Amino acid sequence: MTAADRGRAHLTGQKPDGSFKWCIYPCQQKDADGKTCRVSVSAGYNGRVWSVTGPADAPTISPSIDCQGGCGWHGFINAGVLS
Ligand SMILES: [Zn+2]
C-alpha cells in the first residue's frame, strides 16, 4: 500500500484558542469503504500530548498515531499524508 492509497488527514473542531480537537483520517481497514477514524489531538487527552503543526487540511502530527479501538492502524501523519 502506498502513501497515496492511505489517504489524507485533516483537523476539525477548532477551539477558541485556535487549536483543533480532532484529527480525522480514512479508516485503514481493508473494506473501510470511505469510513473515517479520528483521534483527539487535544492537549492532555488520555494522558497523551501530540504536537500538531501545519494547516488544518495538511497537518503534521507527532509522535505517531495508534488507532486503538479503531482500525488498528499505527503510523504517521505528515503534511496530511498517512504513512
Ligand atoms: Zn483507525
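Based on the Cβ-Cβ distance of Ala58 and Lys35, what FRET efficiency does E = 1/(1 + (r/R0)^6) give at R0 = 35 Å, to the nearest 0.05?
Calculated transfer efficiency: 0.95.
Short version: ³J(HN,Hα) in whole Hz for each residue of the stretch 26-31, in order, from phi by Karplus 6.51 cos²θ - 1.76 cosθ + 1.60 (θ = phi - 60°), x for Gly and Pro, what are they?
Per residue, the Karplus-derived 3J(HN,Hα) values read x, 4, 9, 6, 4, 9 Hz.
In what sequence do Asp31, Asp66 fall when counting other Cβ within 10 Å, fewest first?
On the way: Asp31 6, Asp66 13.
In order of increasing Cβ crowding within 10 Å: Asp31, Asp66.
Given that compact globular proteins tend to follow 2.2 N^0.38 Å, what is the ratio of the alpha-carbon Rg of the stretch 10-78 to that value? Show your work: numbers first, answer last.
Working: Rg = 11.8 Å, N = 69, 2.2 N^0.38 = 11.0 Å.
Here the Cα radius of gyration is 1.07 times the empirical estimate.
Go through the stretch 66-83 residue by residue and turn each phi into a ³J(HN,Hα) via Karplus (6.51, -1.76, 1.60, θ = phi - 60°); whole Hz please, and just put x for glycine and proline.
Taking θ as phi minus 60°, the curve returns 10, 7, 5, x, x, 7, x, 5, 9, x, 10, 10, 10, 6, x, 9, 7, 8 Hz for the stretch 66-83.
Please list the non-local residues whose amide H lies under 5 Å from the amide H of Cys71, H modeled 1.01 Å from N, same-chain partners needing a gap of 5 or more.
The list, which skips near neighbours in sequence, is Gln28.
How large is ³J(HN,Hα) for each residue in the stretch 60-65, as worked out from phi by the Karplus curve 6.51 cos²θ - 1.76 cosθ + 1.60 (θ = phi - 60°), to whole Hz, x for Gly and Pro?
So the J values, rounded to whole Hz, are 10, 10, 9, x, 5, 10.
So what is the 222 nm mean residue ellipticity for the chain from helices alone, if each DSSP H run of at least 4 adds -39500 (n - 2.57) and you divide by all residues, rounding to the nearest 500 deg cm²/dmol? Before the final figure, lay out the partial values.
Working: 1 runs with 4 residues, N = 83.
Rounded to the nearest 500, it is -500 deg cm²/dmol.
Bear in mind these aren't lab numbers, they're just calculated from the coordinates by the rules spelled out. Just so it is clear, the structure is predicted and the values come from calculations on it, not from any experiment. All Cβ positions, even for glycine, are placed from backbone atoms using ideal geometry, and neighbour counts span all protein chains on display.
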